[in-house]
Amino acid sequence: MGKISNWFPPFTGVILAVLAVVITALIGQGQDATDKTAQEIVNHYQDNQAKEFIAAILIGFAAVSALYFGGWLRRLLRDAEGPGGILSAVVLGGAVVFSAGAAVGGSIHWALADLADDLNPVAMQAINGIDWDFFMFFPVGLGTMILATGISAVRHGALPGWLAWASVVLGVLALTPVFFALFFIGPLWLLVMGIYGMRSAASPQPAAT
């Protein structure tokens, strides 16, 4: 399969996609801050503490995976753009924003699970409200990364045409009122990109002339 330095960076996209599915299966969308009483929220985190801890840890792993994946994407796009390319840097910036947001979100979720037995229910309700609405890093970080990837690939040919244009469409959706579609389609994009990168890394490279 080639050197790990060739196939592992794009493989982190596959890891990130799988983690997104597992995390969603564990905690769903979180506890609706507009529908649950303070005591119901406390009861939930007390009854599901182990599951919530696991989800918070996996969110941390997802944040790390996003950084490696963003680094690989930047290299892929920069090779096609040339040294003066800007969009590849924007892609890496989007990955950093997404990773930082995920790390903060994971920390908030850890606090909910860790402090459920100690904090006043009203305080837990307030923290849960932040957790419930803590999503902006998703369209800003991942959406920017996808859109910049698509535009760069369309202009410079780093990706197949269908994948480049699909990235543009998905990235534009992230900037519209239907940005929530990114929560469902984003992991699929990560999976496809990761598999494409791994297949490319496994393909024989033409000899230098």
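Each reported figure results from applying straightforward, stated rules to the coordinates on display, with no laboratory input. What you see is a predicted model, and the numbers here were worked out from it, not measured in a lab. Reconstructed Cβ throughout: ideal geometry from the backbone, glycine too, with neighbour counts over all protein chains shown.
How many angstrom separate the Cα center of the range 133-180 from the Cα center of the range 1-51?
22 Å
Can you run phi through the Karplus equation (6.51, -1.76, 1.60; θ = phi - 60°) for the range 189-201 and list ³J(HN,Hα) in whole Hz, with x for Gly and Pro?
Coupling constants for the range 189-201: 4, 4, 5, 5, 4, x, 5, 4, x, 5, 5, 5, 5 Hz.
Evaluate the distance, in nm, between pseudo-label points positioned 7 Å from the Cα of residue 43 and of residue 24 along their respective Cα→Cβ axes.
Taking the two extended label points, one gets 2.9 nm.
Relative contact order for the chain: what percent, with Cα pairs under 8 Å and sequence separation of 6 or more?
Details: 292 pairs, mean separation 63.0, N = 209.
It rounds to 30 percent for the chain.
Taking Cα atoms, how many degrees apart are the long axis of helix 4-27 and the longest axis of the chain, rounded to 10 and kept between 0 and 90?
Result, in degrees: 30.
Gain in length, residue 57 to residue 184, computed as 0.36 nm per residue apart minus the alpha-carbon separation, to one decimal in nm?
Working: separation 127, 0.36 × 127 = 45.72 nm, distance 2.09 nm.
The span from residue 57 to residue 184 would gain 43.6 nm if fully extended.
Taking Cα atoms, how many degrees apart are the long axis of helix 38-47 and the longest axis of the chain, rounded to 10 and kept between 0 and 90?
That works out to roughly 70 degrees.
I'd like the orientation of helix 87-114 relative to the chain: the angle between its Cα long axis and the longest Cα principal axis, in ° from 0 to 90, rounded to 10.
20 degrees
If I compute semi-axes √(5λ) of the Cα gyration tensor in Å from the structure I just sent, which labelled value in (i) 39, 19, 14; (ii) 37, 17, 13; (iii) 36, 20, 16 lines up?
Given (i) 39, 19, 14; (ii) 37, 17, 13; (iii) 36, 20, 16, the structure-derived one carries the label (ii).
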